[in-house]
Amino acid sequence: MANGPRVVVFTPTPVLTVSIERDTTGAEEVHLHAGGQGVWVARMLRSLGCEPIVCGPFGGEPGAVARSILDRDGVVLAAVEVARPNAANVEEGASEQRRSIVHTEPGPLDRHELDDLYGVALSAAADAAAVVLTGSVWPHVLPAETFGRLASDLGALGVPVVADLSGDQLRDALDHGVAVLKISDEELERDGLIVRRGEAEARQALHDLRERGARDVVISRAHEPVLAAVGGRAYRLDGPSLEVVEARGSGDSMTAAIAAGIALGLDAEVMLRLAVAAGAVNVTRHGLGGADGDVVRRLAETSVRIEVIEDGPSEPRSSRSRPSAGP
Amino acid sequence: MPDELGPIELTVAHSDAVASVKVRGEVDIHTCGELERTLTELAELGARTITIDVSQVAFIDSSGLRALVVGHKVLQDQGGSLVISNPSASTARLLEVTGLDGLFEVEA
């Protein structure tokens, strides 16, 4: 268990995954995984020396199993018991051959469950160095305004908020200000925040998103360089090209590294290098968010190229948003 | 919506570093601002231990929890602490479920 700074990961939709794979002899194997965006972020946070606390609802048999897996793995939980089962996914095959056989969605949180989850998040965040807000791909689980309220209330507590959100959840959080927004250019395009993917569009989005309430912004762009606006500078970052084993979760690893950078009080450029390295390393292995922290740090120092592309970009509009570095 | 519309009554006593706040009514999105302001002002006036008597609180929601957590943070930053006293069964349950009973002292 890491003993570093505490980082709360708001995880509204934990997922239980049952994977059916074949070993090298062709024999079938069954694996159970607790996952979902927040869980993947938490695993990388731990690899990077932080103490993540997964704050989420757990219900039904999928919730009980996911919770016990996380307990077994030593992940600290701030859990709320809910009536409806968590999402579950049964899949077959590995990597690019993977196909989903059965997929169930989580139910909506009722008013009391939502209040409990909210209170748990505030309680866990009170002494945290940073909070990561991960979203729900199922909008019916909780209202989008929850993310705005959380951003506002966590800001009132002086806790930096790192948001990895899109859609209405992003819009609501931005309205209340966040310390850092991590988003992909694919999400920007889907949300209508850029008309097409490209460096010029993404650079404009850096400015626009700061205007809308993000103090700092990091935009991942698949195989293209990452763009970021942190403090008074904008950056372009190139990471190493590594063999892809598992393409999912790269953005979540970046988000985790950004939060770790804030929690550990890293310099902005060191934090960005770490984020790009974490995203790159994640794709090289099975098991989302589980990359080795030492490997990430070494790659960050040796294999990430960082370039200042703008010095002194316009400051964000929001005086409500949190400082760019430090707990 | 203005705080005045919410049914809440605060009775404050303050002497040196010790203060108490007796809350009567519902602590929700309409009234939490008044409680938060009161706690912050007491801390600014030098209170380091604030005891909130919630025996007459009929209902507290997540907005109300924010007021308590912000009060806790303000006091903690100044070396002080927040004490919640006489919670009803439902309030005690809420504090327990959310883990807030581990953040500040709760007196039955």
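Tabulated data
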| item | result |
| --- | --- |
| Principal axes of the range A:84-243: Cα extent on each, largest first, Å | 46, 44, 28 |
| Point-to-point label distance, A:Asp73-B:Ala58, nm (Cα→Cβ direction, 7 Å offset) | 4.6 nm |
| The range A:180-259, Cα convex hull volume normalised per residue, Å³ | 96 Å³ |
| Average projection area in nm² (convex hull over Cα atoms of chain B, one quarter of hull surface) | 5.9 nm² |
| Listed residues A:Leu45, A:Leu133, A:Leu154, most fluctuating in chain A (Gaussian network, C-alpha, under 10 Å) | A:Leu154 |
| Net length gained if the chain between A:Ala94 and A:Asn3 were fully extended (0.36 nm per residue, minus Cα distance) | 29.4 nm |
| Computed label-point distance, nm, for sites A:Val295 and B:Arg93 using a 7 Å Cα→Cβ extension | 4.8 nm |
| Among B:Val97, B:Val27, B:Val57: highest mean-square fluctuation, GNM of chain B, C-alpha pairs under 10 Å | B:Val97 |
| Shape call, the range B:55-108: gyration tensor on alpha carbons, a/c limit 1.5 | prolate |
| Distance histogram in 10 Å bins (all Cα pairs of chain A, percent per bin) | 6, 28, 37, 23, 6, 0 |
| Cβ-Cβ FRET estimate between A:Val30 and B:Gln78, R0 fixed at 51 Å, reported to 0.05 | 0.40 |
| Long-range HN-HN contacts of A:Arg233 with modeled amide H, under 5 Å | A:Gly312 |
| Of all DSSP beta bridges in the protein assembly as shown, antiparallel share, percent nearest 5 | 40 percent |
| Peptide B:64-70, shielding by other chains (average Cβ, 10 Å cutoff) | 6 |
| Share of pairwise Cα separations in the range A:1-40, more than 16 Å, in percent | 57 percent |
| Spherically averaged projected area in nm², based on the convex hull that wraps the Cα atoms of the range A:11-73 | 5.0 nm² |
| Å³ per residue enclosed by the Cα convex hull of the range A:1-111 | 111 Å³ |
| Linear extension gain, A:Glu224 paired with A:Thr104, 0.36 nm per residue minus alpha-carbon span | 39.8 nm |
| Full-stretch length increase - A:Trp138, A:Val308 - with 0.36 nm per residue and alpha-carbon distance subtracted | 57.5 nm |
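Since every read-out is calculated from the coordinates, none of them should be taken as a lab result. These figures come from a predicted structure and were not determined experimentally. When we count neighbours, we look across all protein chains shown, and the Cβ atoms used for this are built from the backbone with ideal geometry, even at glycine.
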